[in-house]
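The values are calculated or read from the model by the stated rules, or taken from the named source; none is laboratory data. Note that the structure is predicted; figures quoted are calculated from it, not measured. Glycine also receives a Cβ, built like all others from the backbone with ideal geometry; neighbour counts cover every protein chain displayed.
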């Protein structure tokens, strides 16, 4: 318990602000909402940039880390796509908007990745050589790859459903007696 208190005491104040913001964004995703489709792409783009930064800069483009990251991202894409098939996705009233039902996916993903990154930082503080071990790199690459994949897979799944809903909305009505 003492180690937890010391860890919290050593945490920079701005990290608590980041935590509150990402949990707040995840909580917004619990409710049904209408949003511009372009706004839906922001989180996947941010996580992709973070993943590329991690693999290229932090891990010096180590081929083992790249393989772990890519395998985790592929698995995450499958999971994210599967998650996108649940709930309601429809074209909004205004062009370029999408209607989404609420989902705990964003809240869960950001909470898990925040906790994981926080624990990796705690490990780094406790053992100054931890950052240079393959275990550390592997955990970080797999965790980051999974989250990147989940957001990217969900985005493309929602995009496909949105495109289909938009095509249905724009299609001319069928004439009576025609299938």
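Some points to look at:
- Filtered residues of region 99-139 (kept if part of a loop (DSSP other than H, G, I, E, B) and either without any contact (Cβ under 8 Å) to a residue 24 or more places away in the chain or crowded, with 18+ Cβ neighbours inside 10 Å (or both)): 103, 127, 128, 129, 133
- For region 133-179, a residue qualifies if it is at pLDDT 90 or above and in contact with a strand residue (DSSP E or B) (Cβ under 6 Å, 6 or more places away or on another chain), and the qualifying residues are 158, 161.
- Residue 149 surrounded by 15 or more Cβ atoms within 10 Å (Cβ to Cβ) and in contact (Cβ under 8 Å) with a residue 12 or more places away in the chain: yes
Residues checked against (1) at pLDDT 85 or above; (2) closer than 12 Å to residue 153 by Cβ; (3) touching a helix residue (DSSP H, G or I) at 6+ places or on another chain (Cβ under 9 Å); (4) surrounded by 13 or more Cβ atoms within 10 Å (Cβ to Cβ):
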residue	(1), (2), (3), (4)
43	no, no, yes, yes
53	no, no, no, no
63	yes, no, no, no
68	yes, no, yes, yes
71	yes, no, yes, yes
80	yes, yes, yes, yes
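- Boolean, residue 105 is out of contact with any strand residue (DSSP E or B) (no Cβ under 9 Å at 6 or more places or on another chain) and more than 27 Å from residue 157 (Cα to Cα): no
- Counted as qualifying within region 17-98 are the helices (runs of 4 or more DSSP H) with 3 or more residues that are within 22 Å of residue 131 (Cβ to Cβ) and within 15 Å of the chain's Cα centre (by Cα), namely 42-53, 63-84.
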